[in-house]
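Participant: Please find one structure pasted underneath; my questions will follow.
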């Protein structure tokens, strides 16, 4: 009984696996020339019309060609520096001007340093203050003897002012005054 049931099940599976052979009819199934398949109710199967694919832009099986890189731009020609030593840029900026005892002093800044100079002073062993004018300071770079002029700069926020005149002169305290001021 068990063997007979297995045989019946195997035949049913084989029957399902066989293609369905439908009787051929003489009528066309569709206007698009579809196959003559017929449903179990006897009506032909109508397939929807497919849209045509657009043509390919290029052959997908053609060998791939990498584009060549653009030609390299010509290297800019470097201008050679003139022979001989060069004057470095002036590291100082004008910070202010003070007139004391008839002598004009100018404050020059370089980074976080401030130099209070008069005509003839040497600044950082490289520059000499040659002249202090009403609107400029002339510095001479001593290794090469080249002069530079620094212009006084007024900011828009600060109005132009006349040089400050100090009316009194400061004198050093006498020995008796210095002894009285010193802590005991």
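Participant: Of these, 63, 54, 44, which one is surrounded by 10 or more Cβ atoms within 10 Å (Cβ to Cβ), over 30 Å from residue 126 (Cα atoms) and modelled with pLDDT of 70 or more? Step through it out loud before you land on a result.
Facilitator: Numbers: 63 fails: surrounded by 10 or more Cβ atoms within 10 Å (Cβ to Cβ); 54 fails: surrounded by 10 or more Cβ atoms within 10 Å (Cβ to Cβ).
Result of the check over 63, 54, 44: 44.
Participant: Report, by residue number, each residue of the range 104-154 that is surrounded by 15 or more Cβ atoms within 10 Å (Cβ to Cβ), touching a residue at least 40 places away in the same chain (Cβ under 8 Å) and closer than 22 Å to residue 86 by Cα.
Facilitator: Answer for the range 104-154, where residues must be surrounded by 15 or more Cβ atoms within 10 Å (Cβ to Cβ), touching a residue at least 40 places away in the same chain (Cβ under 8 Å) and closer than 22 Å to residue 86 by Cα: 137, 139, 141, 148, 150.
Participant: Take residue 84 and decide whether it is at pLDDT below 75 and closer than 30 Å to residue 142 by Cβ.
Facilitator: Numbers: at pLDDT below 75: yes; closer than 30 Å to residue 142 by Cβ: yes.
The answer is yes for residue 84.
Participant: Looking only at residues that are outside any strand (DSSP E or B), more than 15 Å from residue 151 (Cα to Cα) and modelled with pLDDT of 85 or more in the range 90-114, which one is nearest to the chain's Cα centre (by Cα)? Steps first, please.
Facilitator: Within the range 90-114, the first condition is being outside any strand (DSSP E or B), and the residues that meet it are 90-92, 101-102, 111-112.
Applying the additional criterion that residues be more than 15 Å from residue 151 (Cα to Cα) yields 101-102, 111-112.
So of that shortlist, the ones also modelled with pLDDT of 85 or more come out as 111-112.
Details: 111: 27, 112: 30 Å.
Applying the filter and picking the extreme gives 111.
The values are calculated or read from the model by the stated rules, or taken from the named source; none is laboratory data. Only a predicted model underlies this, so the values are computations on that prediction, with no experimental measurement involved. Cβ coordinates were reconstructed from backbone atoms using ideal geometry, including for glycine residues, and neighbour counts include every protein chain displayed.
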